[in-house]
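Enquirer: Take this structure first; my questions come after.
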Amino acid sequence: MDIAKCLAVIDELCAADFPTRYGRTAVGEGGPGYLTAELQTSGDFHEDGGSERDETETQYEADRDALGERLRARWGPARKFSLYSTFERGMDGEDLDEPWAALSDHVPDVHLWRTDAGRWIALGVSQWDTELPFQLLAVVTVIDPP
């Protein structure tokens, strides 16, 4: 992982205007009040017996933590925020705000900071299914966590 590149992307997201409607961006996706960047994406695990997947998950969590240490220097310690209850509430039919509703479908928890400008910064490790790639995601939003 190139930490300097990841920090530059997060800085771009922090300075950017939010889209007026949902859509893809150069680094991920966005919608009213949020932008998401796909900082890093692994290969898939269709032919894996499990060992590569476990190692990749550990590496992605370590990369998130290393990037988080750099963000800690800017905004203080991260708050670890579980998205499990958000996922459950969505499954029960509750209408939840984005980006939190979609994020909870594939990211179990995020490391969360609040900037002086009032934006939330979240880092999380995504995986949609055991055979699909991991992604290191950064989210910048003005929408409060649920």
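The values are calculated or read from the model by the stated rules, or taken from the named source; none is laboratory data. From a predicted model like this one, the values you see are computed outputs, not experimental measurements. Using ideal geometry, Cβ is built from the backbone for each residue, glycine included, and neighbour counts are taken over all protein chains shown. For accessibility, only protein heavy atoms count, side chains too; no ligands or nucleic acids. Shrake-Rupley method; radii C 1.70, N 1.55, O 1.52, S 1.80 Å.
Enquirer: Quick one: length gained pulling residue 52 to residue 142 fully straight, 0.36 nm per residue minus the C-alpha distance? Don't skip to the answer; put the middle values down first.
Expert: On the way: separation 90, 0.36 × 90 = 32.40 nm, distance 3.63 nm.
Gain on stretching residue 52 to residue 142: 28.8 nm.
Enquirer: Summarise the accessible area of the chain (1.4 Å probe, protein heavy atoms) by the percent that is carbon and sulfur. Each step should come with its number before you reach the end.
Expert: Working: 3730 of 7980 Å².
After summing per-atom areas, the C and S share lands at 47 percent.
Enquirer: Taking a probe of 1.4 Å, how large is the accessible area per residue of the chain, in Å²? Before the final figure, lay out each step's value.
Expert: On the way: 7980 Å² over 146 residues.
Spelled out: the 1.4 Å probe surface of the chain, per residue, equals 55 Å².
Enquirer: For 14, 6, what's the largest-to-smallest order of accessible area, 1.4 Å probe?
Expert: Details: 14 40, 6 5 Å².
Final ranking, largest accessible area leading: 14, 6.
Enquirer: Have a look at 27, 110, 125 and tell me which one the Gaussian network model of the chain (Cα, springs below 10 Å) gives the largest fluctuation.
Expert: Among 27, 110, 125, the largest GNM mean-square fluctuation belongs to 27.
Enquirer: Also, I was wondering about something else. For every other residue with a beta carbon closer than 13 angstrom to the beta carbon of residue 108, add +1 if it is Lys or Arg and -1 if Asp or Glu, then tell me the sum. Display every interim value, and only then the final one.
Expert: On the way: positive: 64, 80; negative: 57, 61, 88, 105, 109.
Overall, the nearby charge balance is -3.
Enquirer: Largest first, how would 1, 91 line up by accessible area (1.4 Å probe)?
Expert: Working: 1 90, 91 130 Å².
These residues rank, largest area first, as 91, 1.
Enquirer: Could you let me know the centre-to-centre spacing of region 53-92 and region 119-134, using Cα atoms, in angstrom?
Expert: 8
Enquirer: Provide the gained length on full extension for the span residue 105 to residue 70, in nm with one decimal, where the gain is 0.36 nm per separating residue minus the Cα-Cα distance. Don't jump to the answer; show the numbers that get you there.
Expert: Values: separation 35, 0.36 × 35 = 12.60 nm, distance 2.68 nm.
9.9 nm is the gain from fully extending residue 105 to residue 70.
Enquirer: Could you grab the Rg to Rh ratio for region 11-146? Cα atoms only, Kirkwood for Rh.
Expert: Details: Rg = 14.9 Å, Rh = 15.5 Å.
With Rh from the inverse mean 1/r over Cα pairs, Rg/Rh is 0.96.
Enquirer: Ignoring ligands, DNA and RNA, how do 113, 75, 120 rank by accessible area with a 1.4 Å probe, largest first?
Expert: Values: 113 5, 75 65, 120 35 Å².
Result of the area sort, largest leading: 75, 120, 113.
Enquirer: Could you give the size of the charge dipole of the chain about its Cα centre, using +1 on the Cβ of each K and R and -1 on the Cβ of each D and E, expressed in debye and rounded to the nearest 20?
Expert: 840
Enquirer: Sticking with this structure for a sec: Beta carbons within 10 angstrom, averaged per residue: use that to sort the peptides 93-100, 60-67, highest first.
Expert: Values: 93-100: 15.1, 60-67: 17.0.
Ranking, from highest mean packing down: 60-67, 93-100.
Enquirer: Now a separate question. At a Förster radius of 22 Å, what calculated FRET efficiency corresponds to the Cβ-Cβ distance of residue 14 and residue 79, to the nearest 0.05?
Expert: Details: r = 18 Å, r/R0 = 0.80.
My answer for the efficiency is 0.80.
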